[in-house]
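Reading through the structure tokens given below for one structure.
Taken together, the values in this text are just the output of simple stated rules run on the coordinates, not laboratory data. For clarity, every value in this text was computed on a predicted model and none was experimentally measured. Heads up, the Cβs are rebuilt from the backbone with ideal geometry, glycines too, and the neighbour counts pull from every protein chain shown.
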Amino acid sequence: MTTTPATLRRGYAETAAGQIHFMRIDGGTGATPLLLLHPSPLSGIVWDGFMGEMGRDRIVVAPDTPGFGESPPPAAAPEISDYAATMADLLDAEDLEVVDVMGYHTGSLTAVEMALCCPERIRKVVMISATIFTEEERASFRTQYAPKSLEEKGEALAQSWAFMNRFWPEEPDPARRWDIFLEAQRHHAHSHWGHNAAFNYDLEKNLKEVNHPVLILNPEDDLWDYTPRAAPLLKNGRVHDLPGWTHGFLDARTSETATLVREFLDT
């Protein structure tokens, strides 16, 4: 199959939660469109290179979920079910009847919830990592990601950048790592909303209810030890370990990741 890069366009869609910013590539109609959902507290920026690769032969849409990137925040802190409903509105606005959905951390939970709340709209699900926690682990993560004051954030900015370099080590371009770092600082007043929604979501319970084919990619990131717990919960799926891969792999290993995802989606 011969493919060529397609043009990326940006736009806003009207949803019940307000306007949603998205990027879209119309790379062909031979494959099911792909919806990409980012981790918190980032935006669709994390999918830039991967989106271009997958957009060679299909429609690819990467939104900024409410309150992140270029999407304004909703009136109140959302739950994962709210994010899923907003993404369904986006599909309506963009005339996408059925899609494959791929999520990254918080985005993975939204992908699962979409498979449950609008199963007829979702064909296959790809997750990057899975938050299967004990109550003690969940409490520890809540403490780790508790919101900080502006003074605390300002004082810790250099430490946060040093942490980013350790946390996102596979990113081959330091300038892009800086851009991703700045994106995480962007919406300081509600940047913790995505994490709170993730910690409130019972993935263990809900993943058992998903009938769709599911592929869970397990890079060696901060959820490496927790993600394998998802394997026995899957009715129709598997966990694919990626030892040595970690945050930044979408840019460092774009082609390899696209091959893995394509093999799952197109077979």
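Around T134, under 12 Å between beta carbons, what's the net of Lys plus Arg minus Asp minus Glu among the other residues? Residues near T134 contribute -3 overall. By the Stokes-Einstein formula, at 1.306 mPa s and 10 °C, the stretch 98-213 with its Kirkwood radius over alpha-carbon pairs has D equal to 98 µm²/s. Here the dipole of the stretch 8-266 is about 180 debye; that uses its Cα centre as origin and unit charges on the Cβ of Lys and Arg (positive) and Asp and Glu (negative).
With θ taken as phi - 60° and the Karplus curve 6.51 cos²θ - 1.76 cosθ + 1.60 applied, the whole-hertz 3J(HN,Hα) list for the stretch 164-178 is 4, 5, 7, 7, 10, x, 7, 4, x, 10, x, 5, 5, 4, 5 Hz, x standing for glycine and proline. Which whole-number percentage describes the relative contact order of the stretch 8-266, with Cα contacts under 8 Å and a sequence gap of 6 or more? RCO, the stretch 8-266: 21 percent. For the listed peptides 35-43, 154-162, a ranking on the average number of other beta carbons within 10 Å per residue, highest first, reads 35-43, 154-162. Of all alpha-carbon pairs in the stretch 8-266, indicate the percentage at a distance above 22 angstrom. More than 22 Å apart: 52 percent of the Cα pairs in the stretch 8-266. Only bridges whose two residues both fall in the chain count here: according to DSSP, what percent of them are antiparallel, nearest 5? Percentage antiparallel, nearest 5: 40.
Each 10 Å bin from 0 upward holds the following percent of the Cα-Cα pairs of the stretch 1-70: 22, 50, 24, 4. Roughly how many Å is it from the Cα centre of the stretch 81-126 to that of the stretch 152-219, as a whole number? What the calculation gives is 19 Å, centre to centre.
Between the listed residues A93, T106, A231, the Cα displaced farthest toward the positive end of the dipole of the chain, a dipole computed from Cβ unit charges relative to the Cα centre, is found at A231.
Taking every alpha-carbon pair within the stretch 1-150, the share separated by more than 17 Å comes to 61 percent. The packing ranking of peptides 116-129, 182-195, 136-149, highest mean first, is 116-129, 182-195, 136-149, where packing means the average number of other beta carbon atoms within 10 angstrom of each residue. Proximity of backbone amide H atoms, modeled 1.01 Å from N, is registered between I122 and V99 at under 5 Å, excluding neighbours fewer than 5 places apart on the same chain.
Give me the count of lysine pairs in the stretch 8-266 whose alpha carbons sit under 25 angstrom apart, restricted to pairs 8 or more positions apart or on different chains. Value for the stretch 8-266: 5. For the listed peptides 12-21, 200-209, a ranking on the average number of other beta carbons within 10 Å per residue, highest first, reads 12-21, 200-209. Per residue, the chain reaches -11000 deg cm²/dmol at 222 nm when only DSSP H runs of four or more residues are counted, each adding -39500 (n - 2.57).
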